[in-house]
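Engineer: Sharing a structure below in C-alpha cells format, with a few things to ask.
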Amino acid sequence: MAQENKTEKATPHRRKKLRQEGNVAKSPEIASSLTVLVSSMIIFFTGTLIFREVLLYFAGISQVSPGSFQMTVQEIMRSSFLGITKLLVPLFITTLLIVVLSHVAQFGFIFTLKPLQFKPGRINPVEGIKKMLSLTTLFELVKNSLKVALLLGVALFILKGSFDLVVGSSQLPVREGLMSFLNLLFRVVIVLGVVAFLIALMDLAYKKWDYEKRIRMSKQEVKDEYKQLEGNPQIKAKLKSRMREISRGRMMAEVPKASVVITNPTHIAIALRYDPEKDKAPVVVAKGKGDIAKRIVDVAQENDIPVLERQELARALYPAVEIGEEIPPKFYRAIAEIIAFVMFRHRKAYA
C-alpha cells in the first residue's frame, strides 16, 4: 500500500512485534559520543599515573646492567604491564558500561537474535546498490559531513583562541610545556565530546520521528490486525450464539430436576431445586425471560413440575441470583413456604 495512505499510528501489537525483532528507534552516536566524553575524563585523571608507569619502565631499562639485561627487562616489563593494566581495566569496563547503558536508556533491554538471522536479500547486489543510492544513505552522508565540519570548526576555534598559549609553551620547561599542551588537548576533547553528544541527542530526536513515520499503518492494516487479534466480528457473534444455545440446552436439561418453577407469570420463569439431603438452600437450575421463560414452563409441565405464579417474588429473585447458585438468605422465608406447599401437595397426591 502506498506510503501516503499510512496515516495511523502504529498499534501496541505492531510496536511489540517490531521490538521483538530488534527494530527500534536508536542513535549509535549517543554511545560513541558518551564513550569519547567519559573516556577522556577518565584518561585525564589517570593519565599521569599511566605516564609515570611508562617513565618508570624506561628508567628501569636504562639502569639495567649488561650481565642481567634479559632477566631484569622481563621483570620490569611484567611489573609495568601489570601496573598499566590495573589502570586501563577500569577504563575498559567503564567504556563497556557506557555503551550498554546508552542503548538501554534509548529503548530498554532487548535480547533477540533475529537481526543476526540469514536473509538472502542481504547478499543481493541489486538491493545493496539501491541502499547505497537511497535518500537515507545520502542523508546520513550529508549529516556526517556536516558533523565532521562542525567538530573541526569548534576545534579550530578553541585552538585559535589558545594560539598564544601553544606558542608560549615551547619556551617553557619540558614538564610545564607538556602539561600545558595536555591541558589544552583535554579541553579540546571535552568540548568536542559535549558538542558531539548534543548532536547525538538531536540525531536521536530525528531517528524517533523518522521511526514513528516509517512504522505508521493504514486504516486497513489496523482493521486487519484487529480482526486477527480479536477475531472476525461475524464469527465471534456466531460462536457466542452457539455457546448460548449450548448453555440453554444444558439449562433446559436441568428443569426436570427442579422442585418448583416460579413465574411472573409469562415474562419470567425461575426453576428451583431443593433436595434436603444435598442442598443447604434452594438452588436455581434455570431461569429466563420471554420465549426462554415459556420454554422452561413447558418443560416443567411436561415433567409434572409444579408451576406457581408469584409475580413480586419472581421479579425480585431473577436479578439477585445466577444459574447454579443458592438463593440469598433474604428469600428463604418466601421460598420455604413455597417448597413446603409443594411437598405437602406432593405427599397428598400420593397418599
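The values are calculated or read from the model by the stated rules, or taken from the named source; none is laboratory data. Owing to the predicted nature of the structure, the values given are computational and were not obtained by experimental measurement. As a convention, Cβ positions derive from the backbone with ideal geometry for all residues, glycine included, and neighbour counts pool all protein chains shown.
Engineer: Considering only region 256-267, I want to know if a residue exists there that is touching a Gly at 6+ places or on another chain (Cβ under 9 Å), of a type in the set (Ser, Thr, Tyr) and within 30 Å of ALA334 (Cβ to Cβ).
Structural biologist: So far as region 256-267 goes, yes, one or more of its residues are touching a Gly at 6+ places or on another chain (Cβ under 9 Å), of a type in the set (Ser, Thr, Tyr) and within 30 Å of ALA334 (Cβ to Cβ).
Engineer: I'd like the residue in region 194-240 that is within 24 Å of ARG15 (Cβ to Cβ), in a helix (DSSP H, G or I) and polar (S, T, N, Q) and, out of all such residues, is modelled with the lowest pLDDT.
Structural biologist: Step by step, filter region 194-240, then rank; the result is GLN228.
Engineer: If you check ILE270, ILE262, which single one turns out to be crowded, with 18+ Cβ neighbours inside 10 Å, within 14 Å of GLU322 (Cβ to Cβ) and assigned by TED's automatic domain parsing to the domain that holds LEU317?
Structural biologist: ILE270
Engineer: Continuing with the same structure: Test of understanding: among GLU29, GLU8, which residue is acidic (Asp, Glu), at pLDDT 80 or above and over 30 Å from VAL99 (Cα atoms)?
Structural biologist: Of the residues listed, the single one that is acidic (Asp, Glu), at pLDDT 80 or above and over 30 Å from VAL99 (Cα atoms) is GLU8.
Engineer: Condition check: among the β-branched types (Val, Ile, Thr) and either over 51 Å from the mean Cα position of the chain (by Cα) or farther than 23 Å from ARG248 by Cα (or both). Does VAL297 satisfy that?
Structural biologist: Yes, satisfied.
Engineer: To continue, here is another question. In region 301-338, how many residues are basic (Lys, Arg) and in a loop (DSSP other than H, G, I, E, B)?
Structural biologist: First, the residues of region 301-338 that are basic (Lys, Arg): 310, 315, 330, 333.
Filter again for in a loop (DSSP other than H, G, I, E, B), leaving 310.
Matching residues across region 301-338 total 1.
Residues are listed down the side, and each one gets a yes or a no for (1) modelled with pLDDT of 90 or more; (2) part of a helix (DSSP H, G or I):
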{"residue": "GLY249", "(1), (2)": "no, yes"}
{"residue": "ALA271", "(1), (2)": "yes, no"}
{"residue": "LYS278", "(1), (2)": "no, no"}
{"residue": "ARG295", "(1), (2)": "yes, yes"}
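Engineer: Can you list residue pairs whose Cβ atoms sit under 7 Å apart, with the first residue in region 23-43 being in contact (Cβ under 8 Å) with a residue 40 or more places away in the chain and the second being charged (D, E, K, R)? Count only pairs 6 or more apart in sequence or on different chains.
Structural biologist: Pairs that qualify, where the first residue is in contact (Cβ under 8 Å) with a residue 40 or more places away in the chain and the partner is charged (D, E, K, R), are ALA25/LYS207; ALA25/LYS208; LYS26/LYS207; SER27/ASP203; SER27/LYS207; GLU29/ASP203.
Engineer: It is to be established whether one or more residues within region 339-351 are surrounded by 11 or more Cβ atoms within 10 Å (Cβ to Cβ), in contact with a helix residue (DSSP H, G or I) (Cβ under 9 Å, 6 or more places away or on another chain) and not in a strand (DSSP E or B).
Structural biologist: No - not one qualifying residue is present in region 339-351.
Engineer: Identify all residues within region 300-337 that are of a type in the set (Ser, Thr, Tyr) and more than 47 Å from the chain's Cα centre (by Cα); write none if there are none.
Structural biologist: Matches in region 300-337: TYR332 only.
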